[in-house]
Amino acid sequence: MDAVETAVRHLEDDPSFNAGRGSVLNQAGQVEMDAVVMEGRMLSFGAVAALKNIAHPVSVARKIMEKTEFSMLVGEGALAFALSQGFERVSDEDLLEGAQLEDYREFKKTGRLRTRKHYAGEEADTVGACAIDREGHVACATSTGGTPRKLPGRVGDSPIVGCGAYADDELGAASATGWGEKIMSVVLSKSVLDLLGQGRQVDEACRMSMDLLARRVGGSGGLILVSPKGRVGCWHNSPRMAFAYIEGETGKSRAGIKL
């Protein structure tokens, strides 16, 4: 859990990605973020949706999992919980970069966003992490600022267990990114792990699940996973997907853009 939370927190701090700082605006000129964490031993999870004004939604999700009897909080309730746990409240402007920040400043002056159109299936830049420890326990985390110019209150696949992420010691851990509405339709993260459970190899399971996403609902995106044996997989049908991994006691690692 520490590994996946820390990895995703670093990505939430990197404005290259649409998560935490670097998130996108909805149609009301607001930043609303989603995140989930899950562990595979007891199948416990925590999630937030439509969370505003917090720089690290993934850490709020973990607090929900570990400090409450609940699993998901949304909107104002999620924000109130985060503040009660000592998270710092930040402004929308603190969470924006580049064109999104320019749009926000114009919106504050004119009440209009310079760009409004959302293109279904456009690159999402959701971030995620999966890990397995030496005892075979798995965990995963996913975080996103959502779809650009979404309707206020829209929730995508990222915080939904089995869609944006899933972890089960018997199956592995997975995290997904892409066109959220389509990913939810095929329960992508659980689907790829079920294929592992049926005896498919890692690359085969990844490819089959992405083929399912495209064939059944015309969806696009990508996923990462780690199997119960510690094998790493990633696949996508979007134009590109950034990834990195480290494995084994010797620290074998690789990073790059999967094309």
Number of the condition not met by Asp94 [criteria: (1) in a loop (DSSP other than H, G, I, E, B); (2) charged (D, E, K, R); (3) farther than 22 Å from Val155 by Cβ]: (1)
Residue match in region 221-236 (condition: in contact with a Leu (Cβ under 6 Å, 6 or more places away or on another chain) and basic (Lys, Arg)): no
Tabulated pairs, region 241-258, first modelled with pLDDT of 75 or more, second assigned to a loop (DSSP other than H, G, I, E, B), C-beta under 9 angstrom, 6+ apart or interchain: Met241/Leu259; Ala242/Ser16; Ala242/Phe17; Ala242/Asp125; Glu247/Gly230; Glu247/Arg231
Asp211 vs. criteria surrounded by fewer than 16 Cβ atoms within 10 Å (Cβ to Cβ) and in contact with a Gly (Cβ under 7 Å, 6 or more places away or on another chain): no
Subset of region 186-207 [surrounded by fewer than 17 Cβ atoms within 10 Å (Cβ to Cβ) and part of a helix (DSSP H, G or I)]: Gly197, Asp203, Glu204
Test: Ala3 is out of contact with any helix residue (DSSP H, G or I) (no Cβ under 7 Å at 6 or more places or on another chain), touching a residue at least 24 places away in the same chain (Cβ under 8 Å) and in a helix (DSSP H, G or I): yes
Residue check for Gly77: over 30 Å from Gly172 (Cβ atoms), free of Cβ contacts under 8 Å to residues at least 40 places away in the same chain and in a loop (DSSP other than H, G, I, E, B): no
Test: residue in region 44-52 that is in a helix (DSSP H, G or I) and more than 18 Å from Thr144 (Cβ to Cβ): no
Count of residues meeting criterion [assigned to a strand (DSSP E or B) and under 20 Å from Arg112 (Cα atoms)] in region 6-40: 0
Residue that is modelled with pLDDT of 95 or more, more than 15 Å from Ala28 (Cα to Cα) and in contact with a Ser or Thr (Cβ under 9 Å, 6 or more places away or on another chain), where the choices are Leu79, Leu95, Leu83: Leu95
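The values are calculated or read from the model by the stated rules, or taken from the named source; none is laboratory data. Note that this is a predicted model, so its numbers are computed, not measured. Cβ atoms come from the backbone with ideal geometry, glycine included; neighbour counts cover every protein chain shown.
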